[in-house]
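Heads up, the thing below is written out as structure tokens.
The values are calculated or read from the model by the stated rules, or taken from the named source; none is laboratory data. A quick note: this is a predicted structure, and the numbers were derived from the prediction, not measured. Cβ sites come from the backbone with ideal geometry, for glycine too, and all protein chains shown count toward neighbours.
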Amino acid sequence: MSKTLIILFVFLNSLAFSQVDQKAVEDFARNFAYENQLPMGEVTAILNQAVYQPSIIDKMNRPAEKMSWHRYRNIFITDKRILSGVEFWNEHESILTEISEKYRVDPEIIVGIIGVESYYGERKGTYKILDALYTLSFGYPRRSKFFKSELAHYLLLAKKENLDVLNTKGSYAGAMGYGQFMPSSYEAYARSYEPNGDRDLINSAEDAIASVANYFKEHRWQLGQPVAQMARVETGAKPVSKQSIKPKLEPSHYANLGYFPMTPIEDGELVSLQSFEQEDQLEYWFTHQNFYVITRYNHSPLYALAVYQLAEAIKEKRLIE
């Protein structure tokens, strides 16, 4: 390597280093070591090998969930992804049936989540988890508190679950495996398919299926109950302001404004009315408790509707094959 290239390399490294709040790194290491009764040198040795990744900050500042529904839907609802979902379901049919019955979560939703999150395990992420969480903990002030907490969970999780703390890869936000669990969710909700087995969400589709189902069970998924349905909008319907994702009103409230479900909704059931931006107009959907549960996995209504529509498309495709 020429002297000029060495100087450039050192300069770029120092520039990246300067983007990180080093005092915050030191404070984190000291507090983490003290709270978990670990040698500070051990913690510092790990953090010193983390690399600040500017591209992660760029991606955090332009998330897909800020797209229009039309554009967002076209990413996830494709013929190829639907067919791959059918293949994944067929390959793991017995496990999906068993897990669905055990956790009382519809199998298509489990497949839909894994399909949106990682393309059925094919796209688990290319960033080192340590780099991602380090970058966001100490170089992204807007959400540093959250990501410092996730970094702490990751350091403990790696030790407990025998993960390679330096090299395990995932998303730019630090999510891992088939279901893209953040470290805190991995710790809280991950389950082994095998009784008393290790929880491996990185390599085991079976564990991922059980873990996604457990996540939904813990967030009160209702087996066999509706998720969402498109609304019929009468001419002259009154504008509706942004609604809570959590269902709070009866359909009659929205009927008085000019919005009606395509299929009947049971009397007394609470719903929400969500709007989605198509190319040339808004599209309205009545959403139920199960839709709200999907948003506990990712808070975006776009995400929840994409998961639901992918799940339904996969289920339908299997029935006609």
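Values computed for the structure shown
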{"item": "Unique residue being farther than 30 Å from Lys317 by Cβ and modelled with pLDDT under 95 when the list is Ile7, Ile46", "result": "Ile7"}
{"item": "Test: residue in segment 194-205 that is on the phi > 0 side of the Ramachandran plot and modelled with pLDDT under 95", "result": "yes"}
{"item": "Scan of segment 277-317 for residues that are in contact with a helix residue (DSSP H, G or I) (Cβ under 6 Å, 6 or more places away or on another chain) and under 19 Å from Val233 (Cβ atoms), ordered by number", "result": "Glu277, Gln278, Glu279, Phe291"}
{"item": "Close pairs from segment 300-321: first closer than 13 Å to Ile110 by Cα, partner of a type in the set (A, V, I, L, M) and in a loop (DSSP other than H, G, I, E, B), Cβ under 6 Å, at least 6 apart", "result": "Tyr308/Val227; Gln309/Ile77; Leu310/Ile77"}
{"item": "Any chance Lys159 is farther than 25 Å from Gln309 by Cα, outside any loop (DSSP other than H, G, I, E, B), modelled with pLDDT under 95 and not hydroxyl-bearing (Ser, Thr, Tyr)", "result": "yes"}
{"item": "Odd one out for Gln243, checked against (1) surrounded by 16 or more Cβ atoms within 10 Å (Cβ to Cβ); (2) within 29 Å of His288 (Cα to Cα); (3) out of contact with any strand residue (DSSP E or B) (no Cβ under 6 Å at 6 or more places or on another chain); (4) at pLDDT below 95", "result": "(3)"}
{"item": "Residue list for segment 205-233, restricted to those being surrounded by 15 or more Cβ atoms within 10 Å (Cβ to Cβ) and of a type in the set (Gly, Ala, Ser)", "result": "Ala205, Ala208, Ala210, Ser211, Ala213, Ala228, Ala231"}
{"item": "Residues located in segment 39-59, provided they are hydrophobic (A, V, I, L, M, F, W, C) and either assigned to a helix (DSSP H, G or I) or without any contact (Cβ under 8 Å) to a residue 60 or more places away in the chain (or both)", "result": "Met40, Val43, Ala45, Ile46, Leu47, Ile56, Ile57"}
{"item": "1 or more residues on the phi < 0 side of the Ramachandran plot and in the same structural domain as Tyr34 (by TED's automatic domain parsing): qualifying helices (runs of 4 or more DSSP H) within segment 60-156", "result": "129-139"}
{"item": "Residue satisfying condition, being without any contact (Cβ under 8 Å) to a residue 24 or more places away in the chain, touching a Pro at 6+ places or on another chain (Cβ under 9 Å) and more than 30 Å from Gly121 (Cα to Cα), within set Glu250, Glu269", "result": "Glu269"}
{"item": "Filter result (touching an Asp or Glu at 6+ places or on another chain (Cβ under 8 Å) and in a loop (DSSP other than H, G, I, E, B)) within segment 178-196", "result": "Tyr178, Gly179, Gln180, Met182, Ala190, Arg191, Ser192, Tyr193, Glu194"}
{"item": "Considering residues of segment 210-240 that are modelled with pLDDT of 95 or more and polar (S, T, N, Q) only, the residue nearest to the chain's Cα centre (by Cα)", "result": "Ser211"}
{"item": "Among (1) of a type in the set (Phe, Trp, Tyr); (2) farther than 30 Å from Leu155 by Cα; (3) crowded, with 19+ Cβ neighbours inside 10 Å, the one test that Tyr186 misses", "result": "(2)"}
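Listed here are the residues, each with its yes/no results for (1) closer than 26 Å to Asn74 by Cα; (2) hydroxyl-bearing (Ser, Thr, Tyr); (3) touching a strand residue (DSSP E or B) at 6+ places or on another chain (Cβ under 6 Å).
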residue	(1), (2), (3)
Glu269	no, no, no
Glu277	yes, no, no
Tyr292	yes, yes, no
Ala311	yes, no, no
